[in-house]
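The values are calculated or read from the model by the stated rules, or taken from the named source; none is laboratory data. All figures in this text were calculated on a predicted structure; none of them were measured in a lab. Don't worry about glycine lacking a Cβ; one is built from the backbone with ideal geometry, like all the others, and counts go over all protein chains shown. Areas reflect the complete protein model, heavy atoms only, side chains present, ligands, DNA and RNA absent. Shrake-Rupley method; radii C 1.70, N 1.55, O 1.52, S 1.80 Å.
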Amino acid sequence: MSDVCIVGIGIHPFGRTDGLSGLDQGVFAVRQALADAGVDWPQVQFAYGSSDAAGNPDTMVDRLGLTGVQFINVRNGCAAGGSALFSAQMAIKSGEFELGLAVGFDKHPRGAFNALPSEYNLPDWYGEAGYMVTTQFFAAKIMRYMHMFDISHETLARVAEKAFRNGAHAPHAWRRQPVPIEEILAAPLVSDPYTKYMFCSPAEGGVALVLASEKKARELGKPLVRLKAATMRTRPPHSFEVFAPSVDVVADDSAPRGTATRIASADAFRLAGIGPGDIDVAQLQDTEAGAEIMHMAENGFCADGDQERWLAEGRTEIGGALPVNTDGGCLACGEPIGASGLRQVYENVVQLRGDGGDRQVPHQPKTAYSHVYGAPGVSAVTILER
Amino acid sequence: MRAIAEGLFTDETPPRLLGGRERETGRVVFPCPAGNACDPVPLAREGRLWSYTVQRYRPKTPPYAGPEAFAPWIVAYVELPGEVIVEARLVDVAFDAVEIGMPVRLVQVPLDPEAAEPLVIPAFAPIAGGRA
């Protein structure tokens, strides 16, 4: 089977853009991606679009042209962008199409996501008591992990400090001012152990990727960035997820529990025929500082507990053995749900092309990994190769 | 004082939490879901702290129905041995004295102590003299 290639990328800067709808930002990204690929909208045979809170992506045909193109909308929590990309590559792999689009955008209100119990099949009292708060879950999850594997507060702060420092060099990032590690640690707590700098915020933004069959990519004369694997998986039994009034007991609770991420990651490596040690740059879901820590292990890059040493030694810095979140990740870019997973792939293509400027990973990276995770236990992974 | 919802506690004194045992698998969950997939099962009163955090800002209303004047509180996950890990408040302990593994016992606390007819929610408190 021939590979699927990413031949065009576009992004609308993340953050807050008053006066532009989420859809506007998606259209902006599509036009940039088409120009980058050197193709016109009428050549696009299909599109998958993801948005959680900013309307139906397919309505953008109004703006791009009524060509009759097949356009399917995807909603899949935080894995929405990854799911759009997965679907798009399947459409090409199947032989049905040669050129298509994965686009994601969003625009969320300020402040934490406001969830209601009925949307999650939970009783009303659970929300009345104050438990429909995503930050609580993320905090309780890392609290347990820190206890099990001796992760320090300073290591959490190192992740956030790196994010803002990397974001400063990414034109599409939102928070582009470095913050000293002391300030991160001394900032007000949101949910212990996390201070306000250790959580990302809901945001806005748009990303588009043009995908092509290998044959089509060669015709377009683009450098071949191959999508070697794209997986999306749901959770196994006993995992600890957001909005959980109860969690299963397990016989041996000293080992980490299974997660959607572990499944999606293992399957992606199997499909790509390579291992974690072969990856040159990685974008890992970091909706909070501890997520990057846990996801380093869940994706197979290090053992549980080794993160303490990895961060202290700078191994995940842009010049380190495995650069992680080179554009500052969700911590610096914010999280527009529909676009977030595609931003990671955008950043990986930038890195593989060598276009990263001041945030470019040295020594011409050849492989790049992306990972998203979200409620209620969904995960999507991609592996790119050039 | 009335419970925040029907079916959370047993009627005895002191009360226990009411979980649900899935008929097909034996898995215990909390609270006991409506419908007939689960049988109600009273849960152990005592367990150990599995994880926790402190809620430092007032959750959004709706759905939060606690007092307007907000004071931070502890959200705990408590492992009831061999049964299930349940989410509830943790009370009667300073934030910096909380330790994962500490033994705790079920209590009831009012969601809004100032309310005319306070509703009680499940909580746990450290067992005096208990050791982690």
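Residues are listed down the side, and each one gets a yes or a no for (1) of a type in the set (S, T, N, Q); (2) not in a strand (DSSP E or B):
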| site | (1), (2) |
| --- | --- |
| B:Gly7 | no, yes |
| B:Thr13 | yes, yes |
| B:Gly19 | no, no |
| B:Pro33 | no, yes |
| B:Asn36 | yes, yes |
| B:Arg48 | no, no |
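Of all residues in the range A:166-182, those that are of a type outside the set (A, V, I, L, M), in a loop (DSSP other than H, G, I, E, B) and either modelled with pLDDT under 95 or within 16 Å of the chain's Cα centre (by Cα) (or both) total 2. For B:Glu46, state whether it is within 25 Å of B:Met1 (Cα to Cα) and modelled with pLDDT of 95 or more. Yes; evaluated as a whole, the condition is true for this residue.
Looking at B:Arg16, B:Arg48, which is the one that is more than 11 Å from chain A (Cβ to nearest Cβ) and open to solvent by 60 Å² or more (accessible area, probe 1.4 Å)? It would help to see each step written out before you state the result.
On the way: B:Arg48 fails: more than 11 Å from chain A (Cβ to nearest Cβ).
So the residue among B:Arg16, B:Arg48 that is more than 11 Å from chain A (Cβ to nearest Cβ) and open to solvent by 60 Å² or more (accessible area, probe 1.4 Å) is B:Arg16.
Out of the range A:170-192, which residues are within 14 Å of chain B (Cβ to nearest Cβ) and either among the hydroxyl-bearing types (Ser, Thr, Tyr) or surrounded by fewer than 21 Cβ atoms within 10 Å (Cβ to Cβ) (or both)?
A:Ala187, A:Pro188, A:Leu189, A:Ser191
Here the range A:232-264 is the region considered, the condition is being among the β-branched types (Val, Ile, Thr), more than 20 Å from A:Ala139 (Cβ to Cβ) and touching a Lys or Arg at 6+ places or on another chain (Cβ under 9 Å), and the residue that is surrounded by the most Cβ atoms within 10 Å (Cβ to Cβ) is A:Ile263.
The single condition from (1) of a type outside the set (Lys, Arg); (2) within 12 Å of another protein chain (Cβ to nearest Cβ); (3) without any contact (Cβ under 8 Å) to a residue 24 or more places away in the chain; (4) touching a strand residue (DSSP E or B) at 6+ places or on another chain (Cβ under 9 Å) that B:Ala34 fails is (4). B:Arg58 fulfils the conditions (1) charged (D, E, K, R); (2) more than 9 Å from chain A (Cβ to nearest Cβ); (3) open to solvent by less than 70 Å² (accessible area, probe 1.4 Å) except for a single criterion, (2). Taken over the range A:339-370, the criterion of being in a strand (DSSP E or B) and either over 23 Å from A:Gln25 (Cα atoms) or open to solvent by 10 Å² or more (accessible area, probe 1.4 Å) (or both) is satisfied by A:Thr367, A:Ala368, A:Tyr369. Take the conditions (1) at pLDDT 95 or above; (2) of a type outside the set (Val, Ile, Thr); (3) not assigned by TED's automatic domain parsing to the domain that holds A:Lys215; A:Ser87 misses just one of them, which is (3).
With respect to the stated conditions, A:Gly49 fails to be open to solvent by less than 60 Å² (accessible area, probe 1.4 Å), assigned to a helix (DSSP H, G or I) and within 24 Å of A:Pro376 (Cα to Cα). Applying the criterion of being in contact (Cβ under 8 Å) with a residue 40 or more places away in the chain, part of a loop (DSSP other than H, G, I, E, B) and within 14 Å of chain B (Cβ to nearest Cβ) to the residues of the range A:74-121, the residue that is nearest to A:Arg226 (Cα to Cα) is A:His108. Just one of (1) without any contact (Cβ under 8 Å) to a residue 40 or more places away in the chain; (2) more than 30 Å from A:Pro362 (Cα to Cα) fails for A:Gly275. It is (2).
Please determine whether any residue of the range A:210-228 is away from chain B (no Cβ under 14 Å), closer than 20 Å to B:Arg56 by Cβ and out of contact with any Asp or Glu (no Cβ under 9 Å at 6 or more places or on another chain). No, that holds for no residue.
Kindly indicate whether A:Gly127 is surrounded by 23 or more Cβ atoms within 10 Å (Cβ to Cβ), within 14 Å of chain B (Cβ to nearest Cβ) and within 30 Å of B:Ala88 (Cβ to Cβ).
Values: surrounded by 23 or more Cβ atoms within 10 Å (Cβ to Cβ): yes; within 14 Å of chain B (Cβ to nearest Cβ): yes; within 30 Å of B:Ala88 (Cβ to Cβ): yes.
The answer is yes for A:Gly127.
For first residues located in the range A:147-169 and assigned by TED's automatic domain parsing to the domain that holds A:Thr326 and among the acidic types (Asp, Glu), partners that are surrounded by fewer than 22 Cβ atoms within 10 Å (Cβ to Cβ) and not in a helix (DSSP H, G or I) and lie 6+ apart or on another chain with Cβ distances below 9 Å form the pairs A:Asp150/A:Gly305; A:Glu161/A:Pro178; A:Glu161/A:Val179; A:Glu161/A:Pro180. Based on this model, can you work out whether A:Ala244 counts as over 23 Å from A:Ala282 (Cα atoms) and either among the basic types (Lys, Arg) or touching a residue at least 12 places away in the same chain (Cβ under 8 Å) (or both)? When the stated conditions are applied, A:Ala244 passes them.
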